[in-house]
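> The following block contains the structure, expressed as structure tokens.
Quick note: the coordinates plus some simple rules give every number you see, no bench work behind them. Note that the structure is predicted; figures quoted are calculated from it, not measured. No Cβ is skipped: glycine too gets one built from the backbone with ideal geometry, and neighbour counts run over all protein chains shown.
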Amino acid sequence: MIDETALTVLLTADQLRDRVRELAAEINTSYPTGRDPHLVTVLKGGFIFLADLVRALDRPVTIDFVSVASYGTGTRSSGVVTLATDFEIDITDRDVLIVEDIVDTGQTLSWLLDTFRARHPRSLRTVSLLDKRSRRTAEVDIEHVGFTIEDRFVVGYGLDYAEQFRHLPYVAVLDQTPQHPSERHTDSLRR
Ligand code: PRP
């Protein structure tokens, strides 16, 4: 376990709330009346952002969740991804908005975009709260970005380190990493 003294606040709860409102206004403008978006979030990190975003959108959106995993011993940053949990709602002819908490290498989003496109949505866009652009290894278009951040390990507001810190109402940089190998979580360390 790491305690919260290892964290340095990067984005306060107020900054997040204000930016989520701005993103919601942007998104509302890009979907005309009668074209309410269908929001698909990638578990688990996006759950808090999605919850705040749908309330800020204040229109009758629909939501769904997918989860992704990597094949064999690869990590998702290798781009070798599979859907661990598939859509519950068919996305054919829907205006799909992928909701991500963070885009890092872009490999997960790149794979998701290809996979979603193959299901023939009417339109397909992405919103990511955080964008760690300097780490990109796959070219991806993100229509709506909350904050572009430096290459630091961030936690909070849904993002974890070894399943810790998701509950925090702010985003923080984790400066300390645990020494014990059992506390290391491959997926999280990649972010
Ligand atoms: C994060 C995030 C993205 C992915 C981005 O998930 O939610 O799906 O990493 O990384 P990439 O751009 O390098 O592909 P994470 O692996 O932390 O899983 P979690 O959401 O379940 O915590």
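> Tell me which residues come under 5 Å, amide H to amide H, from T41 once H is placed; ignore anything under 5 positions away on its chain.
D64, F65, V66, V99
> So for segment 1-135, averaging the separation of alpha carbon pairs under 8 Å that are six or more residues apart and normalising by length, what relative contact order in percent results?
It rounds to 22 percent for segment 1-135.
> State the extension gain, in nm to one decimal, for the chain segment bounded by E143 and A56, taking 0.36 nm per residue of separation less the distance between their alpha-carbons.
29.6 nm
> So how far apart, in nm, are the two label points at K44 and L83 if each is 7 Å from Cα heading toward Cβ?
The answer from the label model is 2.2 nm.
> Any idea how far apart D14 and T29 come out in nm if each label point goes 7 Å out from Cα toward Cβ?
It is 2.5 nm.
> Once the dipole of the chain is set up with Lys and Arg at +1 and Asp and Glu at -1 on Cβ about the Cα centre, which of A138, V99, F65 lies farthest towards its positive end?
Farthest towards the positive end: A138.
> What distance in nm separates the simple spin-label points at M1 and H120, each placed 7 Å from Cα in the Cβ direction?
5.3
> Per DSSP H run of n ≥ 4, the term is -39500 (n - 2.57); total these for the chain, divide by its residue number, and report the mean residue ellipticity at 222 nm rounded to 500 deg cm²/dmol.
-7000 deg cm²/dmol
> Shifting gears a bit: Principal axis extents for the chain, Cα atoms only, whole Å, descending order, please.
Cα spread of the chain along its principal axes, largest to smallest: 52, 40, 28 Å.
> Along segment 103-115, what does the Karplus equation 6.51 cos²θ - 1.76 cosθ + 1.60 (θ = phi - 60°) give for ³J(HN,Hα), rounded to whole Hz, x for Gly and Pro?
Residue by residue, segment 103-115 yields 10, 10, 5, x, 5, 5, 5, 4, 5, 4, 4, 4, 5 Hz.
> Ok, one more. Between Y157 and residues 5 or more places away or on another chain, which pairs have amide H atoms under 5 Å apart, with H built 1.01 Å from N, and which residues are they?
Those qualifying (amide H under 5 Å, at least 5 residues apart or on another chain) are L168, Y170.
> Where both partners of a DSSP beta bridge lie in the chain, what percent of those bridges are antiparallel, to the nearest 5?
35
> Counting other Cβ atoms within 10 Å, keep those with at most 13, restrict to DSSP loop, and tell me which GluC sites (Glu not before Pro) in segment 87-171 are left.
Filter output for segment 87-171: E88, E139, E150, E163.
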